[in-house]
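Values in this text are rule-based calculations from the coordinates and carry no lab data. Keep in mind that this is a model prediction, so the values were computed, not measured. Because the Cβ atoms are built from the backbone with ideal geometry, glycine has one as well, and the counts that use them run over all protein chains shown.
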Amino acid sequence: MTSRTVRRGTDSENKARSSIFQVGQLPEAHGLYDPEFEHDSCGVGFVAHIKGERSHQIVLDADEMLRHMTHRGACGCEENTGDGAGILISMPHDFLSRVVKEDLNLTLPAQGNYGLGNVFLPTDVAQREHCKKAVEEIAHQQGLVVQGWRPLPVSPDVADIGPSALRALPHMEQVIISTSNGKAADQDHLERQLYIILKASSRLLREGSNLPQGLMFYFCSLSSKVLVYKGMLTPDQVMPFYPDLQADDFTSHLAMVHSRFSTNTFPSWDRAQPCRFMAHNGEINTLRGNANWMYARQGMMSSDLFGDDLKKLFPIIEPHCSDSGNFDNALELLLMSGRPLPEVMMMMIPEAWQNHHSISVAKRAFYEYHSALQEPWDGPASVSFTDGQCIGAVLDRNGLRPSRYYVTHDDRVIMASEVGVLEVDPKIVKEKGRLQPGKMFLVDFEEGRLIPDEEIKEKYATKRPYQEWLQDQRILLSDLPLEGQVEEIPKKELLSRMQSFGFTFETLKFMLIPLIKAKKDPIGSMGNDAALACLSDQSRLLYDYFHQLFAQVTNPAIDSIREEVIMSLECYIGPEGNLLDSTEEQCHRLLIPEPIISNEEMAAIKAMDYRGWKNKTIDVTYPKAEGEAGFRAALDRIREEASQAIADGFSLITLSDRAAGRDRIGLPTMVSCGAIHHHLVRNEQRTQIGIVLETGEAREVHHHCLLFGYGADAINPYMAFEALWHSLEAG
């Protein structure tokens, strides 16, 4: 047994903690730096007993694994200030029963009948008490009682915590929450109530208060099943910093660990991992889109399990989190809304399925159905996950992060970013291998076995008649009757129209024609001697002010063979349903094979009146004579028309600049699209309608990528098509 020590800190140390690191904030955006671009890459792993047998050895093995992944984490300018490290374990009930009795003279309810979590709190006493009182009031509103707050023993001196980490060190306590009689009729219901307390408290104290140290408040976890110990530590510091972990009766049947390498980011205590249900090595490249769409979907969300309490969970995606933290936010919601954890992971990180010809019909239907509900959280990733009842890992569909596993004859399973993290006698190795791209590795403790990827996925793929639902509900672009007339530009007007949209001879010669001949984006020499748009003396298109945001970590190039299998442009557009439900109507959406649509397809969409779907065309031009005032008035008008289209029951809106000419000027397409998209996102209406662009402006790959980034679902670049046809006719 190890003695427990709590370091209170001197007045001078507490004063020093008012620094920016202490509250867990990133630096303010300035110059070319923006904290929204932060990502991280790390080492991750877990060790567990397949039959669910608890022991302290699991914790010791996890500590050894974590220390052997020190090279995968990082430290700052001080070698004893880490980017972050931690451990997630199943609730150590026997240990907690003893120490809670010793420290608080409180008898814990039976296992599964209470929730407990480690909480980071302000170092200022008054602010800390304010936070604790707020948690107690929110718990009371949910029909639960805070039974006590146990000061969490920490030993920063023994662990040799570095100066920067020490300045940022929050006060730490364990909160114990249960029903008034200490009996939970339904553990899953208790988990949902704890989740509401966690989210409501975080929103109130981290984002909605004026507390100077408000961002120090953070739940590492709050659950009846799992418990997280983490911090701004190096892997070697975790065990000595938290004396709880050293106790012989601190037992678990699973332990997940994480060593953080915050690539081009700033470490903090709250951003360390594991998160509440997962740990992540890699990068979510689609993060901003994922977060924006999750916010937009809040307007359509409803849940019988949460009822009116659902709004207390918003915003689902919390500010001041890393990409991994945001992934965990979404995972929490889907898990708590009633979906099993493996099914949630299949939804969020699907394997390549569109062009995978050997995939089963049921599994393909599962992935296609859920692609109509939400987009994948995409990027190089190895994600470990657990809810205490199962533990597993999943690899991104590209397989861009390593994951190796061992299964032993004594029923242990070891999974990590690399082999060698835990010493294992080769004689007891029963099975070993690596996780394949898009595949899932799962241990079910109730069944006491390792479940193969095919078995897991077939189980959830056949849970509902997804294939039947898709056949009955999806609308194919090819099914739309071509009732509208395809508009053509008279040849005598073509040149002036092209000039009005900024086309040049170079546009045709070096961009459009090579694009058709080579079937790829034209590539020039390294470097670009053209002036930056912001410094140019010439008027430039809005697109020129943007550049591609490259991944902050190195990923291997995707070869052409793999690209054909794992990449697809197919997508569903139009009104979405309730993300928290699984019904047939959810996939009543328009499936387009690629988001660049022809003039004929555009005409069919504009004239659409098919199976309850209609399109509203919005003119995005304004009178030239009105000048700047007309520009601003046009923006207000199109936003209002978009909202009215939703109220009138339209499924799609087409933003068209075809009316541009001598007397009318088209709004920049990116401005009109972005204005409507963000207007609808702010009003939680975006998922109720699809946005199609009929634009004469877009012609380069870069232009289209920006338009999709600013909310377009499909684009008809009619002027680019006209220019190419004219060039073809001219030879």
Legend entry - Cα centroid separation - the stretch 286-327 against the stretch 184-221, whole Å: 14
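Based on Cβ point charges of +1 for Lys and Arg and -1 for Asp and Glu, what charge dipole magnitude is obtained for the stretch 40-469 about its Cα centre, in debye rounded to the nearest 20? Each step should come with its number before you reach the end.
On the way: 42 positive and 56 negative charges, 144 e Å.
Dipole of the stretch 40-469, to the nearest 20 debye: 700 debye.
If you wrap a convex hull around the C-alpha atoms of the stretch 196-273 and split its volume per residue, what is the figure in Å³? Numbers along the way, then the final one.
Working: hull volume 10.0 nm³, N = 78.
In the stretch 196-273, the Cα hull volume divided by residue count equals 128 Å³.
Take 478, 568 and order them by how many other Cβ atoms sit within 10 Å, fewest up front. Let's see the in-between values first.
On the way: 478 10, 568 15.
Neighbour counts put them in this order, fewest first: 478, 568.
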Legend entry - GluC sites (Glu not before Pro) restricted to the stretch 353-461 and DSSP loop, no more than 10 other C-beta within 10 Å: 423, 446
Inset, instruction - Using the structure shown, list the pairs from 51/311; 51/230; 519/624; 183/459; 133/183; 363/427 with a Cα-Cα distance above 31 Å, or answer none. - result: 51/311; 519/624; 183/459; 363/427
Legend entry - Order by protection proxy (mean Cβ within 10 Å, highest first), peptides 487-494, 322-329, 92-99: 322-329, 92-99, 487-494
Inset, instruction - Based on other C-beta atoms within 10 Å, arrange 703, 678, 547 from fewest to most. - result: 547, 678, 703
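In percent, what relative contact order does the chain have, based on Cα pairs under 8 Å that are 6 or more apart in sequence? Before the final figure, lay out the partial values.
Working: 1436 pairs, mean separation 107.4, N = 731.
Computed over the chain, the figure is 15 percent.
If packing is taken as the mean number of other Cβ atoms within 10 Å per residue, what is the order of 134-140, 252-258, highest first? Intermediate values should be presented prior to the final figure.
Working: 134-140: 18.6, 252-258: 27.9.
Most protected by this proxy first, the peptides run 252-258, 134-140.
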Legend entry - Charge-dipole axis of the chain as Lys and Arg at +1 and Asp and Glu at -1 on Cβ define it, positive-most pick from 730, 701, 71: 71
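Report the Rg/Rh value for the stretch 59-203, based on alpha-carbon coordinates and the Kirkwood definition of Rh. Mind showing how you got there, number by number?
Numbers: Rg = 17.3 Å, Rh = 17.2 Å.
Dividing the radius of gyration by the Kirkwood radius yields 1.00.
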Inset, instruction - Straight distance only, please: which aspartates and glutamates reach the Cα of residue 430 with their own Cα at less than 19 Å, same-chain residues fewer than 8 apart left out? - result: 53, 61, 410, 411, 418, 444, 447, 453
Inset, instruction - Per DSSP H run of n ≥ 4, the term is -39500 (n - 2.57); total these for the chain, divide by its residue number, and report the mean residue ellipticity at 222 nm rounded to 500 deg cm²/dmol. - result: -9000 deg cm²/dmol
Legend entry - Dipole-positive endmost among 175, 501, 84 within the chain (Cβ charges, Cα centre): 175
Legend entry - the stretch 40-469 - Rg (one decimal) and Dmax (whole number), Cα, Å: 20.6, 62
Legend entry - Lys, Arg +1 and Asp, Glu -1 on Cβ, resulting dipole of the chain about Cα centre, debye, nearest 20: 460
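Could you grab the relative contact order for the stretch 40-469? Cα pairs under 8 Å, six or more apart, rounded to a whole percent.
Values: 920 pairs, mean separation 103.1, N = 430.
It rounds to 24 percent for the stretch 40-469.
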Legend entry - Enclosed volume per residue, in Å³, of the convex hull spanned by Cα atoms of the stretch 557-621: 187
Legend entry - Listed residue (588, 338, 350) projecting farthest to the positive dipole end of the chain, Cβ model: 338
Inset, instruction - Using only Cα atoms, locate the centre of the stretch 680-731 and the centre of the stretch 598-667, then give the distance between them in Å, rounded to an integer. - result: 13
Inset, instruction - Quote the charge dipole size of the stretch 75-151 about the Cα centre in Debye, to the nearest 20; the model charges only the Cβ of Lys and Arg (+1) and of Asp and Glu (-1). - result: 380
Legend entry - Scattering curve values for the chain, log₁₀ I(q)/I(0), Debye with Cα scatterers, q = 0.10 Å⁻¹: -1.04
